[in-house]
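Okay, structure first, notes after.
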Amino acid sequence: MEIFGHEYGFMLTVGASAEVAELCPGGDLTRISEALDGRFADTVEVTARFVVAMAGGYDASRLYAGEPVEHPPLTVNMLKALSFAKFQEVQRAAMASFRGDTTPSVEVEPSKKKETLSE
């Protein structure tokens, strides 16, 4: 996602999830939609902090994997300087990553049930 001429990614790392949980009622990550609902000014602030946490998670993951991060850290003030349309686009991208990263994956083990061969 391009923001002010730089490419940013979003990832719900353990650190980012702790930051996002702090924005949620009761510190409950599953209540993120409640945190993003309310007065416009409050919603903008929570959304910006959510996006910054997700971008920070992505950058930290890349850095620790030995990959370069060649853009300035994303900040709340940078996000507040975006047009409303761009702000919404960034929010959608961060939320899509959040949803993708919180979708449980299920590993299926082979059945322990004995198969019978019929002749």
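Tabulated data
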item	result
Of all residues making up the range 24-66, the number that are touching a helix residue (DSSP H, G or I) at 6+ places or on another chain (Cβ under 9 Å), farther than 18 Å from Ile3 by Cα and among the aromatic types (Phe, Trp, Tyr)	0
Residues of the range 18-43 that turn out to be open to solvent by less than 30 Å² (accessible area, probe 1.4 Å) and under 18 Å from Tyr8 (Cβ atoms), as a count	1
Gly15 being among the small types (Gly, Ala, Ser), at pLDDT below 95 and open to solvent by 30 Å² or more (accessible area, probe 1.4 Å)	no
Selection count where residues are touching a Ser or Thr at 6+ places or on another chain (Cβ under 7 Å) and in a loop (DSSP other than H, G, I, E, B), scope the range 13-31	1
Among residues of the range 1-12, those that are in contact (Cβ under 8 Å) with a residue 24 or more places away in the chain, open to solvent by 20 Å² or more (accessible area, probe 1.4 Å) and assigned to a loop (DSSP other than H, G, I, E, B), counted	5
Count of the range 48-69 residues which are part of a helix (DSSP H, G or I) and open to solvent by 80 Å² or more (accessible area, probe 1.4 Å)	3
Any hit, the range 32-47, residues being among the basic types (Lys, Arg) and in a helix (DSSP H, G or I)	no
Any hit, the range 108-119, residues being at pLDDT 70 or above and either among the charged types (D, E, K, R) or open to solvent by 100 Å² or more (accessible area, probe 1.4 Å) (or both)	no
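The values are calculated or read from the model by the stated rules, or taken from the named source; none is laboratory data. Please read all numbers here as calculations on a predicted model, not as lab measurements. Here the Cβ is made from the backbone with ideal geometry for all residues, glycine too, and neighbour counts use every protein chain on show. Keep in mind that these areas ignore ligands, DNA and RNA; they rest on the heavy atoms of the full protein, side chains included. Shrake-Rupley method; radii C 1.70, N 1.55, O 1.52, S 1.80 Å.
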